[in-house]
Amino acid sequence: MGEGMIKRTRLIIVRHAEAEGNANRLFHGWTDSSITKKGHIQAMQVAERLKAMDMDLIYSSTLRRTMQTADYIAKAKGLPIMRTDKLKEINGGDWEDLPWSVLPEKWPDEYDLWENKPHIHQMPNGESMKEFQTRIIDEFWHIINNNKSKDICIVTHGTAIKSLMCFFYHYSLEEMVNFPWYDNTAITIIDYKDDKFNIVMEGDTSHLSKEMKTLENQEWWLEKKCQAKEREREDIGYNE
């Protein structure tokens with residue numbers, strides 16, 4: 001194949017299925033929780049959707065929730081799973097396995113940075129967001145460079161995907177706060193060719209019914225969406 005005929009490399013990025021931390025609103029970075037009953041159904045449904053897509057290999061974070069999700073995809077596609085610690089979620093340090101409600105009480109400054117300036121956030125006795133993004137991007141480059149012109153499924157985590165979207169869009173990490181959280185088993189497809197990333201699909205969960213989604217059925221997420229709408233109204237000077 002001539003240099004001008006090089007095929008694109010496709011990254012099929014999947015967030016893991018609903019895990020115990022998601023359902024119980026606990027901070028699980030490196031905490032190694034399992035997926036829930038709903039999570040197993042989500043994983044089954046995303047695997048069914050991916051069955052028809054071209055796929056040459058599967059990479060997964062080594063944490064249980066990603067491996068369990070990847071296992072459904074691997075069985076549907078008849079492929080092995082390449083495990084890597086470098087795709088793990090951010091190391092939350094002292095935040096690990098604590099309720100989200102406790103974090104702003106115990107670490108008000110750090111939590112404010114997590115919510116509003118994540119690019120300078122440092123987990124107490126864990127990773128900084130910058131260190132984390134560098135780890136994830138370096139591993140993606142390793143996967144791309146070792147699997148050129150292939151279709152690669154990568155099962156990873158929510159914060160990893162947010163930080164990656166900044167990279168794919170060529171935005172600084174400072175813009176991470178403006179990217180949404182993608183729901184469990186959301187699919188994002190990125191094509192890489194001629195040193196450029198093309199975003200084909202972003203955070204898609206059309207394989208899930210409304211009842212089977214995680215975020216859309218959680219009070220904190222609905223409140224966050226309402227707050228975002230209020231900010232939009234204020235930005236355009238809308239008054240009732």
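The values are calculated or read from the model by the stated rules, or taken from the named source; none is laboratory data. Everything numeric in this text was worked out from a predicted model, so none of it was measured. Backbone-built Cβ (ideal geometry, glycine too); neighbour counts: all protein chains shown. Ligands, DNA and RNA are excluded from the accessible area calculation, which covers all protein heavy atoms including side chains. Shrake-Rupley method; radii C 1.70, N 1.55, O 1.52, S 1.80 Å.
A compact table of results
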| item | result |
| --- | --- |
| Where residue 32 falls short, out of the listed (1) open to solvent by 50 Å² or more (accessible area, probe 1.4 Å); (2) part of a loop (DSSP other than H, G, I, E, B); (3) more than 19 Å from residue 146 (Cα to Cα); (4) out of contact with any Leu (no Cβ under 6 Å at 6 or more places or on another chain) | (4) |
| Any hit, segment 132-139, residues being in contact (Cβ under 8 Å) with a residue 12 or more places away in the chain and either open to solvent by 40 Å² or more (accessible area, probe 1.4 Å) or closer than 13 Å to residue 10 by Cα (or both) | yes |
| Answer from 54, 112, 97 - the residue that is open to solvent by 40 Å² or more (accessible area, probe 1.4 Å) and part of a helix (DSSP H, G or I) | 112 |
| Pairs, first at positive phi in segment 171-190, second of a type in the set (A, V, I, L, M), C-beta under 8 Å, six or more apart | 185/14; 185/17; 185/43; 185/46; 185/208 |
| Test result for residue 104, surrounded by fewer than 18 Cβ atoms within 10 Å (Cβ to Cβ), without any contact (Cβ under 8 Å) to a residue 40 or more places away in the chain and part of a loop (DSSP other than H, G, I, E, B) | no |
| Criterion violated by residue 47 - all others in (1) more than 26 Å from residue 167 (Cβ to Cβ); (2) open to solvent by 10 Å² or more (accessible area, probe 1.4 Å); (3) out of contact with any strand residue (DSSP E or B) (no Cβ under 7 Å at 6 or more places or on another chain) satisfied | (2) |
| Positions within segment 131-179 being assigned to a loop (DSSP other than H, G, I, E, B) and out of contact with any Lys or Arg (no Cβ under 8 Å at 6 or more places or on another chain), in sequence order | 147, 148, 169, 170, 171, 172 |
| Filtered residue count, segment 190-215, keeping only those that are surrounded by 13 or more Cβ atoms within 10 Å (Cβ to Cβ) and outside any strand (DSSP E or B) | 7 |
